[in-house]
């Protein structure tokens with residue numbers, strides 16, 4: 001009798017990591033869906049960004065669940081959580097913290113601000129001044145805060161989930177491109193379907209479903225899952241395809257600014273994490289396509305005449321994805 005191939009019966013470390021990530025991810029998504037109904041794909045994308053170590057910007061109209069999704073995700077991940085309501089009078093020190101003079105020791109002691117948490121919700125981030133918005137740049141890029149020349153490390157893992165309303169622009173300050181580029185994904189919620197909205201009304205007439213969300217993992221386990229996601233294979237053909245996609249955006253006549261190398265890296269990392277939550281030890285072109293819109297659209301800067309014609313970054317990304325040949329042969333290791 002022919003012996004089975006051991007490579008088919010014994011999972012590789014990468015496959016074992018992918019299966020573990022998929023099991024945890026499915027449980028986390030189920031917990032978040034106790035609060036956010038009918039947005040399965042959006043929740044999976046947000047979770048992929050978390051596993052890839054990226055920050056998330058949720059941009060949509062009021063009342064569609066932006067803040068609720070962030071809070072439910074934080075509860076399901078079992079991590080420390082702080083919410084900062086961004087307002088025009090918010091100061092950078094209100095975010096990062098401030099040195100306070102201790103009369104007993106006659107020294108200044110740094111008091112941590114709300115940024116010192118695993119998951120920080122920056123609610124309506126575009127309502128704060130550019131000076132306050134810039135206080136997040138070092139935090140998001142280097143996971144640290146510098147005050148009075150002293151550097152303070154932020155807890156690991158660390159994520160910023162920011163929300164903004166892109167319709168009501170009175171009294172807001174648009175996020176600068178340098179800060180937009182630091183968000184791995186920009187997600188939209190959209191209206192729920194009629195059946196989903198009816199279910200929302202029925203459930204909200206009782207107890208708040210947020211109270212029923214249970215932590216699935218904790219911060220230590222999340223770090224382990226992130227490390228497991230790094231073992232997912234991304235073939236050279238797919239990496240080269242991502243580079244070609246980014247390069248194609250830089251020569252589009254409709255764009256003033258295309259995708260940066262940071263955007264290319266974010267696309268690869270997000271695709272790798274998306275493959276992991278799907279239970280695969282390798283990334284495919286379909287994984288890249290699944291995350292390309294949320295990862296790339298907010299990094300494009302349209303020329304004024306392009307905006308006047310009604311073109312959108314999402315449509316341009318779709319055209320670019322169709323125009324750059326997709327690799328058909330890649331290693332599934």
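The values are calculated or read from the model by the stated rules, or taken from the named source; none is laboratory data. Please read these numbers as outputs of a predicted model, since none were measured by experiment. Ideal geometry is used to build each Cβ from the backbone, glycine not excepted, and the neighbour counts take in all protein chains shown.
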Looking at residue 236 and the list (1) surrounded by 16 or more Cβ atoms within 10 Å (Cβ to Cβ); (2) in the same structural domain as residue 325 (by TED's automatic domain parsing); (3) within 24 Å of residue 19 (Cα to Cα), which single condition is not satisfied? (1)
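Might you let me know whether segment 86-93 holds any residue that is surrounded by fewer than 16 Cβ atoms within 10 Å (Cβ to Cβ), part of a helix (DSSP H, G or I) and on the phi < 0 side of the Ramachandran plot? If you could, list the steps in order and put the result at the bottom.
First, pick out the residues of segment 86-93 that are surrounded by fewer than 16 Cβ atoms within 10 Å (Cβ to Cβ): 87-89, 91, 93.
Keeping just the survivors that are part of a helix (DSSP H, G or I) gives 93.
Cutting the leftovers down to on the phi < 0 side of the Ramachandran plot gives us 93.
Within segment 86-93, one or more residues are surrounded by fewer than 16 Cβ atoms within 10 Å (Cβ to Cβ), part of a helix (DSSP H, G or I) and on the phi < 0 side of the Ramachandran plot.
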Residue that is touching a residue at least 12 places away in the same chain (Cβ under 8 Å) and under 15 Å from the mean Cα position of the chain (by Cα), where the choices are 67, 87, 96, 132: 67
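If the requirement is being over 19 Å from residue 93 (Cα atoms), assigned by TED's automatic domain parsing to the domain that holds residue 30 and assigned to a helix (DSSP H, G or I), which of these qualifies: 199, 156? Give the derivation first.
Details: 156 fails: assigned to a helix (DSSP H, G or I).
When all the criteria are applied, what remains is 199.
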Can you say whether residue 41 is surrounded by fewer than 19 Cβ atoms within 10 Å (Cβ to Cβ) and either at pLDDT below 95 or within 30 Å of residue 181 (Cβ to Cβ) (or both), as far as the supplied structure shows? yes
Output the number of the condition that residue 299 fails; it satisfies all remaining conditions of (1) surrounded by 21 or more Cβ atoms within 10 Å (Cβ to Cβ); (2) touching a strand residue (DSSP E or B) at 6+ places or on another chain (Cβ under 7 Å); (3) touching a residue at least 60 places away in the same chain (Cβ under 8 Å); (4) more than 23 Å from residue 227 (Cα to Cα). (2)
Note on residue 103: of the conditions (1) over 24 Å from residue 226 (Cβ atoms); (2) within 17 Å of the chain's Cα centre (by Cα); (3) surrounded by fewer than 15 Cβ atoms within 10 Å (Cβ to Cβ), unmet is (2)
For segment 243-258, how many residues meet the condition of being more than 19 Å from residue 307 (Cβ to Cβ) and either crowded, with 17+ Cβ neighbours inside 10 Å or in contact (Cβ under 8 Å) with a residue 60 or more places away in the chain (or both)? 4
Residue 190 meets each of (1) touching a helix residue (DSSP H, G or I) at 6+ places or on another chain (Cβ under 6 Å); (2) under 23 Å from residue 41 (Cα atoms) with one exception, condition (1)
Please verify whether segment 8-15 includes one or more residues that are at pLDDT below 90, assigned to a helix (DSSP H, G or I) and surrounded by 19 or more Cβ atoms within 10 Å (Cβ to Cβ). yes
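The rows are residues; the columns are (1) more than 22 Å from residue 263 (Cβ to Cβ); (2) modelled with pLDDT of 90 or more; (3) out of contact with any helix residue (DSSP H, G or I) (no Cβ under 6 Å at 6 or more places or on another chain).
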position: 143; (1), (2), (3): no, yes, yes
position: 148; (1), (2), (3): yes, no, yes
position: 153; (1), (2), (3): yes, yes, yes
position: 161; (1), (2), (3): no, yes, no
position: 167; (1), (2), (3): yes, no, yes
position: 172; (1), (2), (3): yes, no, no
position: 198; (1), (2), (3): yes, yes, yes
position: 215; (1), (2), (3): yes, yes, yes
position: 223; (1), (2), (3): yes, yes, yes
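Only residues that are over 14 Å from residue 270 (Cβ atoms), out of contact with any strand residue (DSSP E or B) (no Cβ under 6 Å at 6 or more places or on another chain) and in a helix (DSSP H, G or I): list them for segment 43-66, please. I'd like the intermediate steps shown before the answer.
Our first condition is that a residue be over 14 Å from residue 270 (Cβ atoms); within segment 43-66, this holds for 43, 58-66.
Then drop every residue that is not out of contact with any strand residue (DSSP E or B) (no Cβ under 6 Å at 6 or more places or on another chain), which leaves 43, 60-65.
Within segment 43-66, just 43 meets the criteria.
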